[in-house]
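Novice: Just passing along the structure, written as structure tokens.
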Amino acid sequence: MPRPFSHVFSAVALLTASLPAAVTASAHAQDVSPSGPARDSVARVVRGDAPRPRLAVVLSIDQFRADYLTRLGDLFLPASPGRGRLGGFRYLMSQGAHFANARFEHYPLYTGPGHAVLLTGSHPYKNGIVGNEWWDPKNRRPVYCVDDARWKVVGAAEGSRAKPMGPLNLRSSTIGDELKLATAGRARVVAVALKDRAAILMSGHATDSAVWFDDAGGRWITSTAYAKDGKLPAWAEKVNSEAIPDKALGTTWTPSLSPEVLAARSFDPKLVPGAGPYGLGTKFPHKVGAEKTSQNYRAFTLTPAANAYVFETAKRAVAAEGLGKDDVPDLLCVNLSTNDYLGHAFGPYSPEATDLTVQTDRLLADFLTYLDKNVPGGMKSVVFVLTADHGVTPIPEDASEPPFGLNAGRFEAAEVVKVIGGALTARFGEPAGGSWFSRGAEAEGGRAATGEFVEGFVYLSPEAVASAIAGGKARDRRDLERAACDAVNGAGIQGVWGCYGKSQVLEGAVGDHDLGKHLARAVHPQLTGDLIVLSEQMYLAGSAVPAYATSHGTPYAYDTHVPVVVSAPGLIKPGVYAGKAAPSDIAPTLSLLLGVELPSGCDGSPLVPALQP
């Protein structure tokens, strides 16, 4: 008989009097040596005396800041609503270990790097996912983090512009990969997400099934990286046949919360007047267009109906793939991309973000109830991780204007590039090839693809750098990097905190402070740009994000502070852990619980204070 899951983590209580109120202090997991009961727990796992969970589920809610759980917590369902149903966030927090001070430790904070950290436990300097996109100076082109030309697209509708995606650029193994290796391939690893980069970078290389959304046809697609026979998984094809997104076209998103509650918890962002993102409008109610167009399918992805679609598809995967049905542990990775899409457009304090968070809680409750009823042993056989890939910056126009008056705004990347180019020419003469910046062939619309400013990184022209060194104008790359950064740091550009050269970071000469440590984990010697330009707090690069919208990417708390909640109901004691932790600690914790090797590049450490003796 398969053994029930009987060891895991301490848990949390939060927000209401009906939940236990204990708060447990802990040091950062990376700084703790197991002792006492925690040591006993680790020993049981290492010895193989403790049973394994049947199913590990990792839910990443895109752009889900940690404060959403606390600021809006009283609006969530009870932990146990009754009638055999489970709650959502409050259920997980009452049954799980809630690391309330969990923060990412890398730069930059984007979807690709964030999801790569979660289940590799490693950072960009090692796993190779240095951004959502980076520049390839050798081939003079941008590289998307899950570009993978080895494969073909599977399942796309006619007219789709989808490109083949896969795990080629991820240089570390994931928990899913290690689970497949440890079980001789018997474990099942499945991923469902609207975003291709979320599904692929969470699950890894040896994934059985991974699907993502194509707005050209409003359907799930994949690639031959995961569908070797060129066919979608039958459960994904069945969902496609039901045309669930089509049923949302022409519908209206009316908030589930009253106007009074929304007004007390949020404020209308100062959006540019007009049709709003993808025609949704700028205020509630938001109507999705009725025609089957890419724009309307994209509008659908900003609504709670899209999260419902992801959860429904994940349920189909659990049933069809037999996840959790035997004593060989399986892994399900789920990402809710909608919260990110909406957050960019309306900001973290908008009525839309508030209502979406509350509706996400309801959908999560339904999903947890499904797992409880359909996995043998229920949630006692499931280890469930709730986390996010990054947070989000407040919309600068809202933060800077009355009644808040914070130091927030935007700077133009073009101004930074101009300062760098001017300084290099003044110091080293005219650049070989006519530009100090790496450029590619002319792209669509008459624009040249360029590495001038890509997600905070600047790529210098290899020809110009080599020529300056060969001609004796510069001693080495450090000369050029130093001159460029000295110019930026001395220019006094409002919104720019500072500039660092790649060589400076690789040599450890960035200062012993928090930002320096983030940069040290950012720089991959072969992939990262030559210069790193850090924004000031609450400032965004204006050329990358339009006015009255927001983004993320910085090493500041609003981008790095995310939930880390690990739950196995009935088998752990409630507790909120206030010491420092990091999302990179999720992978080694799961590794311990599943009895598999650490992912190849793992930087994190198990969340020792939460391990149940």
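The values are calculated or read from the model by the stated rules, or taken from the named source; none is laboratory data. Because the structure is a prediction, the values reported are computed rather than measured. Neighbour counts run over all protein chains shown; Cβ positions are idealised from the backbone, glycine included.
Novice: Regarding LEU363, is this residue within 22 Å of LEU594 (Cα to Cα), touching a residue at least 12 places away in the same chain (Cβ under 8 Å) and among the hydrophobic types (A, V, I, L, M, F, W, C)?
Specialist: no
Novice: Further, regarding this structure: How do the helices (runs of 4 or more DSSP H) wholly within the stretch 211-294 filter down when requiring 3 or more residues that are within 15 Å of ALA306 (Cβ to Cβ): which remain?
Specialist: 244-248
Novice: Output the residues belonging to the stretch 382-407 that are under 26 Å from the mean Cα position of the chain (by Cα) and not aliphatic (A, V, I, L, M). Give the derivation first.
Specialist: If we filter the stretch 382-407 for residues that are under 26 Å from the mean Cα position of the chain (by Cα), which is where we start, we get 382-399.
Across the stretch 382-407, the qualifying residues are PHE384, THR387, ASP389, HIS390, GLY391, THR393, PRO394, PRO396, GLU397, ASP398.
Novice: Separate question: Say whether the condition of being touching a strand residue (DSSP E or B) at 6+ places or on another chain (Cβ under 6 Å), in contact (Cβ under 8 Å) with a residue 40 or more places away in the chain and under 22 Å from ALA162 (Cβ atoms) is met by at least one residue in the stretch 240-262.
Specialist: Checked the stretch 240-262: at least one residue is touching a strand residue (DSSP E or B) at 6+ places or on another chain (Cβ under 6 Å), in contact (Cβ under 8 Å) with a residue 40 or more places away in the chain and under 22 Å from ALA162 (Cβ atoms).
Novice: Suppose the filter is of a type outside the set (A, V, I, L, M) and either surrounded by 24 or more Cβ atoms within 10 Å (Cβ to Cβ) or more than 30 Å from ASN132 (Cβ to Cβ) (or both); does ASP361 pass it?
Specialist: Numbers: of a type outside the set (A, V, I, L, M): yes; either surrounded by 24 or more Cβ atoms within 10 Å (Cβ to Cβ) or more than 30 Å from ASN132 (Cβ to Cβ) (or both): no.
No.
Novice: Let me ask another. For the stretch 125-172, give me the residue count where each residue is within 19 Å of SER203 (Cβ to Cβ), surrounded by 24 or more Cβ atoms within 10 Å (Cβ to Cβ) and out of contact with any Leu (no Cβ under 8 Å at 6 or more places or on another chain).
Specialist: Counting residues in the stretch 125-172 that are within 19 Å of SER203 (Cβ to Cβ), surrounded by 24 or more Cβ atoms within 10 Å (Cβ to Cβ) and out of contact with any Leu (no Cβ under 8 Å at 6 or more places or on another chain) gives 2.
Novice: Okay, moving on. Of all the helices (runs of 4 or more DSSP H) wholly in the stretch 68-160, which have at least 1 residues that are at pLDDT 95 or above and among the charged types (D, E, K, R)?
Specialist: Qualifying helices (runs of 4 or more DSSP H): 89-95, 124-127.
Novice: Here's a follow-up. Within the stretch 350-373, does at least one residue satisfy the condition of being modelled with pLDDT of 95 or more, at positive phi and assigned by TED's automatic domain parsing to the domain that holds THR254?
Specialist: no
Novice: SER172: in contact (Cβ under 8 Å) with a residue 40 or more places away in the chain, of a type in the set (Gly, Ala, Ser) and farther than 22 Å from TYR110 by Cα, yes or no?
Specialist: no
Novice: If you don't mind, another one. Would you point out the residue of the stretch 450-461, among those that are at pLDDT below 95 and either surrounded by fewer than 16 Cβ atoms within 10 Å (Cβ to Cβ) or among the β-branched types (Val, Ile, Thr) (or both), that is farthest from SER535 (Cα to Cα)?
Specialist: THR450
Novice: How many residues are not β-branched (Val, Ile, Thr) and not in a helix (DSSP H, G or I) when one looks only at the stretch 309-346?
Specialist: Count: 14.
Novice: Also, I was wondering about something else. Out of all the residues in the stretch 593-604, is one or more modelled with pLDDT of 90 or more, small (Gly, Ala, Ser), more than 18 Å from TYR107 (Cα to Cα) and surrounded by 22 or more Cβ atoms within 10 Å (Cβ to Cβ)?
Specialist: Scanning the stretch 593-604 turns up no residue that is modelled with pLDDT of 90 or more, small (Gly, Ala, Ser), more than 18 Å from TYR107 (Cα to Cα) and surrounded by 22 or more Cβ atoms within 10 Å (Cβ to Cβ).
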